[in-house]
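Visitor: Input: one structure, supplied below.
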Amino acid sequence: EADIYQTPRYLVIGTGKKITLECSQTMGHDKMYWYQQDPGMELHLIHYSYGVNSTEKGDLSSESTVSRIRTEHFPLTLESARPSHTSQYLCASALAGGLETQYFGPGTRLLVL
Amino acid sequence: GDSVTQMEGPVTLSEEAFLTINCTYTATGYPSLFWYVQYPGEGLQLLLKATKADDKGSNKGFEATYRKETTSFHLEKGSVQVSDSAVYFCALTANTGNQFYFGTGTSLTVIP
């Protein structure tokens, strides 16, 4: 069973607020990912990290930022939330090396009013 | 580039019916292939995987065989249950291992 956690699970917030979505894993995985999931289900990679102090932007342009100061922690921050940021955000992690399984957290459902 | 093409849904089946969800892929090298399942309000869970040609992944009555000659990894189950209602994602990671590529997801509803 995967040990990857996301908080909060649900968040309703007003436009212009700064928010941080938390993601932590206890499996010692080097690789971590953030996906944005449409209401229509499709997953879009927005950020990933191969290890501490490594972060890269994904395929979907995003106004969010990430940091990776510790192996187990990969928070995602929105400096100024907008209604267009309303979505489900999924965090995942995997071992280093190729061909490894990704393990997902339960997701954060964000609603920006 | 690498990609996954997945059968579009939604799919609605009666309980005990046979399920097939088609998945084909394009990849350089020799990818690993995965099926994930997402229940309402939750993240994705690994359902099964296969790491080389002709491997069969299986779990909870679901099966998929890695077919290199047809670049396919179709998901099958002989008799679905109401509890199988979920969204199913096909995915691959190539041997660079840096990114996953997901299909668009197929929603399955099983009615009693």
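Visitor: In nanometres, what is the gap between the two model label sites at A:SER61 and A:GLU79, each 7 Å from Cα along Cα-to-Cβ?
Guide: So the two model labels end up 1.6 nm from each other.
Visitor: Here is a follow-up. Taking a ≥ b ≥ c as the square roots of the Cα gyration tensor eigenvalues, with a/c under 1.5 meaning rounded and otherwise prolate when a/b beats b/c, else oblate, which class fits the protein assembly as shown? Can you show the working numbers first?
Guide: Values: a/c = 2.04, a/b = 1.38, b/c = 1.47.
Because a/c hits 1.5 or more and a/b fails to exceed b/c, the protein assembly as shown counts as oblate.
Visitor: While we're here: Give me the compactness ratio for chain A, meaning the Cα radius of gyration over 2.2 N^0.38 Å.
Guide: On the way: Rg = 13.3 Å, N = 113, 2.2 N^0.38 = 13.3 Å.
Here the Cα radius of gyration is 1.00 times the empirical estimate.
Visitor: Something else: Over the Cα atoms of chain B, what radius of gyration and what Dmax do you get, in Å?
Guide: Radius of gyration, then largest Cα-Cα span, for chain B: 13.5, 44 Å.
Visitor: Computing the accessible area with a 1.4 Å probe over protein heavy atoms, can you report the carbon and sulfur percentage for chain B?
Guide: Details: 2420 of 5070 Å².
Exposed carbon and sulfur together represent 48 percent of the surface.
Visitor: Filter the cross-link list A:LYS57/B:LYS56; A:LYS31/B:LYS60; B:LYS49/B:LYS77; A:LYS31/B:LYS49 down to pairs whose alpha-carbon distance in this structure exceeds 22 Å.
Guide: Where the Cα-Cα span goes over 22 Å, the pairs concerned are A:LYS57/B:LYS56; A:LYS31/B:LYS60.
Visitor: Need one value for A:32-38: mean number of C-beta atoms belonging to other chains within 10 Å of its residues' C-beta atoms.
Guide: Mean shielding count: 2.
Visitor: Just to verify a number: what accessible area does A:MET32 come out at with the full protein assembly present, 1.4 Å probe, Å² rounded to tens?
Guide: We get 0 Å² for A:MET32.
Visitor: Under unit Cβ charges (Lys, Arg +1; Asp, Glu -1), what dipole magnitude, rounded to 20 debye, does the stretch A:36-113 have relative to its Cα centre?
Guide: Working: 5 positive and 8 negative charges, 42 e Å.
Here the stretch A:36-113 has a charge dipole of around 200 debye.
Visitor: Still on this model: Would you be so kind as to identify which of B:THR65, B:THR28, B:SER107 lies farthest towards the positive end of the dipole of chain B, taking Lys and Arg as +1 and Asp and Glu as -1 on Cβ and the Cα centre as origin?
Guide: B:THR28
Visitor: Rounded to the nearest 100 Å², what's the accessible area chains A and B bury against each other, both chains counted, probe 1.4 Å?
Guide: Chains A and B together bury approximately 1800 Å².
Visitor: Between A:ILE13 and B:ASP54, with labels modelled 7 Å along Cα→Cβ, what's the label distance in nm to one decimal, could you check?
Guide: For A:ILE13 paired with B:ASP54, the spin-label model returns 5.3 nm.
Visitor: B:THR24: accessible area at probe 1.4 Å, nearest 10 Å²?
Guide: We get 50 Å² for B:THR24.
Visitor: Of the accessible area of the stretch A:10-105, with the probe set at 1.4 angstrom, what percent is carbon plus sulfur? Kindly include the intermediate steps, with their values, before the conclusion.
Guide: Numbers: 2210 of 4330 Å².
Answer for the stretch A:10-105 is 51 percent, counting heavy atoms of protein chains only.
Visitor: Heavy-atom accessible area per residue, the protein assembly as shown, 1.4 Å probe: how many Å²?
Guide: On the way: 10400 Å² over 225 residues.
Computed with neighbouring chains in place, this is 46 Å² per residue.
Visitor: Also, I was wondering about something else. Around A:GLY58, with a cut-off of 15 angstrom between Cβ atoms, what is the net charge of the other residues, counting Lys and Arg +1 and Asp and Glu -1?
Guide: Around A:GLY58, the charge tally is -3.
The values are calculated or read from the model by the stated rules, or taken from the named source; none is laboratory data. Every value quoted in this text rests on a predicted model; they were computed, and no experiment measured them. Positions of Cβ are generated from backbone atoms using ideal geometry, with glycine treated the same way; all protein chains shown enter the neighbour counts. Accessible surface areas use protein heavy atoms only, side chains included; no ligands, DNA or RNA. Shrake-Rupley method; radii C 1.70, N 1.55, O 1.52, S 1.80 Å.
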